[in-house]
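Asks: Before anything else, here's the structure in question.
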Amino acid sequence: MAKKILSLLLFVGAVALFSITVLGSDSPKISPEDAAALVREGKAILIDVREPAEWTSTGVAAPALLLAKSDFDGTQAAWKPFLATVDKETTVVLYCRSGNRSGKLAAILAQQGFKVANAGGLTDWQKAGLPIRKIE
């Protein structure tokens with residue numbers, strides 16, 4: 001009986017992990033140019049979900065809020081207060097280094113009822129010629 005329960009738990013965990021991975025890769029995508037336009041119009045909030053060391057080493061998109069995915073995955077010390085203030089009609093646009101972490105997080109936030117989009121990676125923002133700011 002214990003083996004069956006353990007097997008079931010492992011199966012459920014594997015399905016959950018697979019679902020998050022698949023959903024993450026299928027989260028709504030948006031170009032950096034479109035993301036920047038929505039932010040300028042007040043229709044979106046841009047969030048850099050990379051880690052603080054990444055922010056300081058490469059800079060961040062000029063209009064971005066800095067909320068690390070690791071905080072979301074952990075205590076949500078910064079994420080909980082932020083999400084409590086987000087109007088469900090405002091698009092939360094996420095980006096990271098490559099679009100992987102932001103895609104996974106976008107899928108989770110969409111499941112929670114937020115309007116989200118994945119803007120890919122910071123390099124996409126830079127290639128589009130959009131402004132970057134330095135973080136000390």
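Asks: Tell me, yes or no, whether the stretch 93-112 has at least one residue that is polar (S, T, N, Q), on the phi < 0 side of the Ramachandran plot and touching a strand residue (DSSP E or B) at 6+ places or on another chain (Cβ under 7 Å).
Replies: The answer is yes, given that some residue of the stretch 93-112 is polar (S, T, N, Q), on the phi < 0 side of the Ramachandran plot and touching a strand residue (DSSP E or B) at 6+ places or on another chain (Cβ under 7 Å).
Asks: Cβ contacts < 7 Å: first residue more than 21 Å from ALA78 (Cβ to Cβ), restricted to the stretch 33-57; second residue part of a strand (DSSP E or B), any location; separation 6+ or different chain. Result?
Replies: Close Cβ pairs satisfying both conditions: LEU38/ALA44; LEU38/THR91; LEU38/VAL93; LYS43/THR91.
Asks: Let me ask something else about it. Identify all residues within the stretch 82-99 that are surrounded by 16 or more Cβ atoms within 10 Å (Cβ to Cβ) and under 12 Å from the mean Cα position of the chain (by Cα); write none if there are none.
Replies: Answer for the stretch 82-99, where residues must be surrounded by 16 or more Cβ atoms within 10 Å (Cβ to Cβ) and under 12 Å from the mean Cα position of the chain (by Cα): THR91, VAL92, VAL93, LEU94, TYR95, CYS96, ARG97, GLY99.
Asks: Could you please find all residues in the stretch 79-112 being within 21 Å of GLY42 (Cα to Cα), part of a loop (DSSP other than H, G, I, E, B) and modelled with pLDDT of 95 or more?
Replies: VAL86, THR90
Asks: Continuing with the same structure: Using the structure shown, decide if ALA119 is surrounded by 21 or more Cβ atoms within 10 Å (Cβ to Cβ) and either closer than 16 Å to SER27 by Cα or not β-branched (Val, Ile, Thr) (or both).
Replies: yes
Asks: Of all helices (runs of 4 or more DSSP H) completely enclosed by the stretch 1-58, which ones contain at least 1 residues that are farther than 17 Å from ASN118 by Cα and modelled with pLDDT under 55?
Replies: 2-25
The values are calculated or read from the model by the stated rules, or taken from the named source; none is laboratory data. As the structure is a computational prediction, the values presented were derived from the model and not from experiment. We place every Cβ from the backbone using ideal geometry, glycine too, and count neighbours over all the protein chains shown.
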